[in-house]
Amino acid sequence: MLAYTIRRILMAIPTLWVALTMIFILVRVIPGDPTTAVMGDYVTDKSLEVLKRQMGLDLPLIEQYGLYLYNFVRGDFGNSLITGAPVLKELKNALPHTLELTFFSLLIGTLTGIPLGVFLALKRNSAWDYLGRFFSLAGISFPSFYIAVLLILLFSMKLDLLPVMGVGPAGDTWARMRHLVLPALTLGLLMMSYLTRMTRSTMLDVLGADYIRTAHAKGLRKAKVIFKHALKNASVSIVTVLGIYTGILIGSSVMTEIIFNRPGLGSLIVGSMLNRDYITITSIMTVYAAIVIFINLITDLSYGLIDPRIRYE
Amino acid sequence: MKIFKCLATMALAAILLAGPGQATAAEKILKIGVFSADMGILDPHRSATTANLPIMDSIFNGLVRWRPGSVDLETIEPDLAERWEASADGRVWTFFLRKGVQFHHGFGEMTAEDVVFSLKKAANKETSIWHTGYTAFEKVEAVDPYTVRISLSNNVPSMLALVLNFHGGMVLSKKAVEKYGDDFRLNPVGTGPFAFKEYIPKQKTILVAHPQYFRGKPKLDSVVYHFVPVDQAREMAFLKGELDMIEGVKQEWWVEKMKKEKNVIVDALPPGELTMVHFNMTKKPLEDIRVRRALAHAINRKEFRETYGMSITGDAVSVIGPGYLGFTDKVAQYEFNVEKAKALLKEAGFPNGFNLGEFVTSPIYLNSAELLQGQLKKIGVTFEIKMVDHPTMHKMIRQDLNALVPYGAARFPIADEMMTQFFHSNSIVGTPTGITNFSHYGKVIPGVDDLLDQARVEPNVEKQKALWVKAQQKILDDVPAYPLRITYVLFLRKATIDLGYDLKSNMTLHYQITEKTDLK
């Protein structure tokens with residue numbers, strides 16, 4: 001398993017390199033450049049040239065790329081073209097907020113989605129089942145920013161229970177948790193909907209299998225059959241989906257962070273994109289890619305924990 | 001379960017990574033919501049982005065200043081200079097500085113050396129984007145630690161505007177610029193009522209009171225600028241009390257809705273942004289004056305105001321806004337008259353109109369683009385709207401992609417600035433000195449270069465104004481562009497905030513926060 005893990009990590013390097021290179025080129029293909037973001041839109045082309053030189057944007061693209069890659073490999077993610085702040089510092093500020101949000105959304109989604117999916121599978125074709133399927137479909141169909149606004153209107157504006165904006169003062173864990181509730185709920189509902197549907201359909205497949213009938217015939221308790229035999233066998237599919245959707249969840253967190261004004265990776269990417277801050281975008285997107293690769297790795301490794309028949313060789 | 005353990009550790013690490021707390025309940029903290037995803041750099045000589053202007057206004061001073069809450073050039077008053085005098089020919093200006101003015105963060109007393117350094121920096125094209133305004137600065141010298149002398153190569157009637165607390169006129173600490181170098185952009189040191197404390201990218205910028213501020217210790221302890229680019233998010237945070245001041249949404253229904261809220265004051269302020277549509281005369285048949293006049297007659301300006309709302313917009317009459325020094329409303333008017341427009345087009349040989357091809361626009365200008373599309377269609381002039389994001393649009397309109405360019409701008413309220421940028425031939429887009437002359441006025445047809453150049457060096461203010469009036473009249477006779485609407489800047493504040501000044505007009509594009517601003 002260790003050899004497998006090392007091999008997978010090594011394989012991630014070329015993937016990251018391709019991602020970095022593609023992002024590096026793509027952001028520069030889009031018209032517009034960071035000089036305008038710094039100076040506003042009404043300065044002369046001559047002044048823009050001076051700034052371009054100062055930002056190193058006058059160098060040939062291949063030279064810019066070489067320089068960037070060299071620094072990146074050495075762990076220097078560069079400085080923001082706009083503010084000059086080190087990207088690593090921006091990343092250090094932003095990453096915890098995104099991780100926090102992703103983790104709690106995942107927690108809400110998993111703790112509600114899987115039991116609900118099992119429940120709906122057991123109550124197949126009942127009123128509960130229809131209702132659950134309807135709401136989980138709605139959860140997937142509604143864009144997360146819309147759910148976010150509905151939640152704010154209800155919990156913040158009407159009931160005045162939770163804050164609307166930001167992440168709360170640093171160090172004040174209680175305030176931070178309060179700020180986290182609505183964004184985590186927004187993404188948690190999305191995750192719950194995905195997982196409910198997935199768990200339900202996988203459980204239905206498993207519940208029809210011969211070994212389940214055998215387990216019932218043996219006279220095992222119903223709970224034991226469901227959780228020990230059925231759910232455990234359904235888990236591989238569920239974990240696969242969980243891995244894939246975690247990637248989607250991180251993607252969806254961009255919009256949620258913007259609505260709740262959380263200074264996470266999503267806000268960082270959108271802000272940098274609007275300012276055409278090439279260095280920041282490239283570094284942050286590469287980190288995003290690394291996170292997705294890491295999640296996939298964790299997902300793959302977890303198969304072995306769930307199903308002892310799976311070996312990593 | 002191992003996955004959960006791992007994720008739980010990550011989340012815990014996330015919470016711990018965020019560091020210690022910073023606010024205590026007793027502090028007076030003013031929270032401002034800015035319509036921007038981030039700020040730019042805090043070197044006033046190199047930055048013009050909207051989010052930065054109010055922040056820099058609190059950090060820096062000029063030799064002179066507008067009275068807070070006003071941008072009337074007649075109300076200019078002493079700032080870092082106690083008084084000043086000009087030689088009889090207006091070529092030598094002497095400024096006598098206040099004594100004992102302290103820079104932030106222990107950078108010492110502000111002296112003539114800092115002023116000389118700052119003005120030279122503002123005039124240098126390597127260190128300032130405002131350098132073209134300072135070409136007449138022949139010599140800037142420190143006579144003694146509290147006296148600065150500026151010698152001009154020619155008379156500059158708007159001289160005080162160059163040493164004002166705005167853009168290039170801001171005075172920086174020489175020691176701090178030398179210490180931080182390029183990093184000064186995130187370590188700004190000025191003499192203003194608030195000092196820079198912290199910038200958290202894409203989140204907020206925190207300023208703290210400068211206790212030795214020369215006009216007295218600020219009443220607020222801290223001012224926090226939150227970057228909240230989504231309108232709805234800003235609105236909800238404001239109504240919830242998480243923000244004390246925000247920029248508004250420029251829609252009348254929204255303004256009316258907010259006015260009904262308790263404890264909310266809405267301010268719609270001049271001089272605002274003037275939107276014009278520029279006719280790119282390199283695109284046929286816009287070089288024909290009959291065609292341009294036809295387009296002007298076909299445009300219904302009232303509709304342009306109505307889509308935003310009459311209470312937050314003003315009539316655009318000339319190519320500069322009312323309130324700009326040199327403004328006149330005695331210019332050619334093209335009343336909205338479709339029949340007249342059609343007749344002019346017929347005369348020009350286009351009885352059925354024509355197609356102008358693709359029209360690149362961004363969400364910000366979509367409203368103007370659609371209105372133009374609808375109105376011009378009635379005289380058979382058509383185009384296809386293509387949406388791109390805002391920076392892309394800026395790039396493309398500078399590459400002459402559009403035949404029509406709607407463009408909104410707020411500039412320093414002197415006729416020269418706006419007219420030079422939009423109508424001087426030096427400013428034609430795509431040239432090295434290009435700024436925003438989208439119509440190619442002054443090249444395709446003779447323009448107003450001579451009038452603007454003359455006015456810039458005219459010593460007599462009345463004669464200068466007369467030249468600017470002439471220029472506006474000629475521009476509207478030639479119609480290389482047509483004014484559409486003035487949109488006021490729109491801010492909201494809690495009624496519990498005492499601004500500490502009488503608010504009449506605003507150029508900092510957000511509320512100015514002074515030492516007298518207070519939370520009641």
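The values are calculated or read from the model by the stated rules, or taken from the named source; none is laboratory data. These figures come from a predicted structure and were not determined experimentally. Positions of Cβ are generated from backbone atoms using ideal geometry, with glycine treated the same way; all protein chains shown enter the neighbour counts. Areas reflect the complete protein model, heavy atoms only, side chains present, ligands, DNA and RNA absent. Shrake-Rupley method; radii C 1.70, N 1.55, O 1.52, S 1.80 Å.
What the table shows:
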item: Sparsely packed GluC sites (Glu not before Pro) within the stretch B:329-369, loop by DSSP, other Cβ within 10 Å at most 16; result: B:Glu335
item: Amide hydrogen neighbours beyond the local backbone of B:Asn437, cut-off 5 Å, H modeled; result: B:Ile428, B:Val429
item: All-pairs alpha carbon distance profile, the stretch A:53-209, 10 Å steps from 0, percent; result: 10, 25, 22, 20, 15, 7, 1
item: Computed [θ] at 222 nm, helices only, for the protein assembly as shown once each DSSP H run of length n ≥ 4 contributes -39500 (n - 2.57); result: -14500 deg cm²/dmol
item: Long-range HN-HN contacts of B:Val360 with modeled amide H, under 5 Å; result: B:Lys386
item: Most to least accessible of B:Trp66, A:Trp174 (protein chains only, probe 1.4 Å); result: A:Trp174, B:Trp66
item: ³J(HN,Hα), Karplus 6.51/-1.76/1.60, whole Hz, each residue of the stretch A:125-141, x for Gly, Pro; result: 6, 8, 4, 4, 4, 4, 4, x, 5, 4, 5, 5, 5, 4, x, 6, 6
item: Rounded to the nearest 20 debye, dipole of the stretch B:270-488 from Cβ charges on Lys, Arg, Asp, Glu; result: 360
item: Vicinal HN-Hα couplings computed from phi for the stretch A:59-64 (Karplus, 6.51 cos²θ - 1.76 cosθ + 1.60; Hz; Gly/Pro x); result: 5, x, 4, 5, 5, 4
item: Cα gyration tensor of chain A - equivalent ellipsoid semi-axes, whole Å, descending; result: 44, 26, 15
item: Cα centroid separation, the stretch B:255-276 to the stretch A:220-268 (Å); result: 44
item: Most fluctuating residue given options A:Thr98, A:Thr240, A:Thr280, as computed from a GNM of chain A linking Cα atoms under 10 Å; result: A:Thr240
item: Taking all pairs of distinct alpha-carbon atoms in the stretch B:270-488, Kirkwood radius in angstrom; result: 17.3
item: Selection from B:Leu345, B:Ile486, B:Thr433 lying farthest towards where the dipole of the stretch B:270-488 points positive, charges on Cβ; result: B:Leu345
item: Max mean-square fluctuation residue, GNM over chain A, Cα-Cα springs under 10 Å, options A:Ala184, A:Ala121, A:Ala217; result: A:Ala217
item: Solvent-accessible surface (1.4 angstrom probe) belonging to B:Trp84, in square angstrom, nearest 10; result: 70
item: Heavy atoms of A:Leu88: accessible area, 1.4 Å probe, square angstrom to 10; result: 90
item: Amide H partners (placed H, <5 Å) of B:Asn61, local residues excluded; result: B:Val171, B:Thr191, B:Gly192
item: DSSP-loop trypsin sites (Lys or Arg not before Pro) across the stretch A:201-244, with at most 12 other Cβ within 10 angstrom; result: A:Lys218, A:Arg221
item: Kyte-Doolittle mean at least -0.5 and Cα axial length at least 18 Å: DSSP H helices in chain B; result: B:2-17, B:363-377
item: Probe 1.4 Å, all protein chains present, accessible-area order of B:Glu306, B:Glu515, largest first; result: B:Glu306, B:Glu515
item: Area projected by the alpha carbon convex hull of the protein assembly as shown, averaged over all directions, nm²; result: 40.0
item: Heavy atoms of B:Arg290: accessible area, 1.4 Å probe, square angstrom to 10; result: 80
item: Whole-Hz ³J(HN,Hα) from phi, Karplus 6.51 cos²θ - 1.76 cosθ + 1.60, for the stretch A:77-93, glycine and proline x; result: 7, x, 10, 4, 5, 7, 9, x, 5, x, 4, 4, 5, 4, 5, 5, 6
item: Projected area averaged over orientations for the stretch A:148-241, convex hull of C-alpha atoms, nm²; result: 8.8
item: Efficiency of FRET from Cβ geometry, B:Asp182 and A:Asp58, R₀ 22 Å, rounded to 0.05; result: 0.85
item: GluC sites (Glu not before Pro) within the stretch B:111-182, DSSP loop, no more than 15 other Cβ atoms inside 10 Å; result: B:Glu126
item: Farthest toward positive dipole pole in the protein assembly as shown [+1 Lys/Arg, -1 Asp/Glu at C-beta], among B:Ile497, B:Val189, A:Leu51; result: B:Ile497
item: Options B:Pro211, B:Leu73, A:Phe142, ranked by Cα towards positive dipole end of the protein assembly as shown, top entry (Cβ charges); result: A:Phe142
item: Stokes-Einstein D in µm²/s, Kirkwood radius over Cα pairs - chain B at 37 °C with 0.692 mPa s viscosity; result: 132
